[in-house]
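Notes for the one structure printed next.
The values are calculated or read from the model by the stated rules, or taken from the named source; none is laboratory data. All values reported here derive from a predicted model rather than from experimental measurement. Methodologically, a virtual Cβ is constructed for each residue, glycine included, from the backbone with ideal geometry; neighbour enumeration extends over all protein chains shown.
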């Protein structure tokens, strides 16, 4: 598969992740975690596919490790809302900030 295909798949996965975060705002929605999980899986697989296509899978730079860490935070963030630790609106705001940081890291690929 080509690099643009992996990139498109990565964006679709992230759209699903944020659909899940948006569904957290509706307390009656049980499908929030389903879309969130599917999106995380798609973005993980396509992200590693892009790394392999770019030839940096074996020696991943620091920005990739930071993205993986932020991806993990996005993975457990909805549990904070579901368990009542944070309001859903705050979780969605934190997710948006993390999403912006992920986009910045992915497009600019800064050297740390």
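Values for this structure:
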item: Subset of region 83-95 (residues that are surrounded by 12 or more Cβ atoms within 10 Å (Cβ to Cβ) and free of Cβ contacts under 8 Å to residues at least 24 places away in the same chain); result: 86, 87, 90, 93, 94
item: Count of region 54-76 residues which are in contact with a helix residue (DSSP H, G or I) (Cβ under 8 Å, 6 or more places away or on another chain), under 27 Å from residue 29 (Cα atoms) and without any contact (Cβ under 8 Å) to a residue 40 or more places away in the chain; result: 4
item: Index of the failed condition, residue 53 passing every other in (1) modelled with pLDDT of 90 or more; (2) over 21 Å from residue 75 (Cβ atoms); (3) exposed (fewer than 14 other Cβ atoms within 10 Å of the Cβ); result: (3)
item: Hits in region 17-46 (condition: surrounded by 19 or more Cβ atoms within 10 Å (Cβ to Cβ) and either at pLDDT below 95 or within 25 Å of residue 83 (Cβ to Cβ) (or both)); result: 17, 20, 21, 23, 24, 32, 35, 36, 39, 40, 43
item: Check on residue 48, within 22 Å of residue 101 (Cα to Cα) and touching a helix residue (DSSP H, G or I) at 6+ places or on another chain (Cβ under 8 Å); result: no
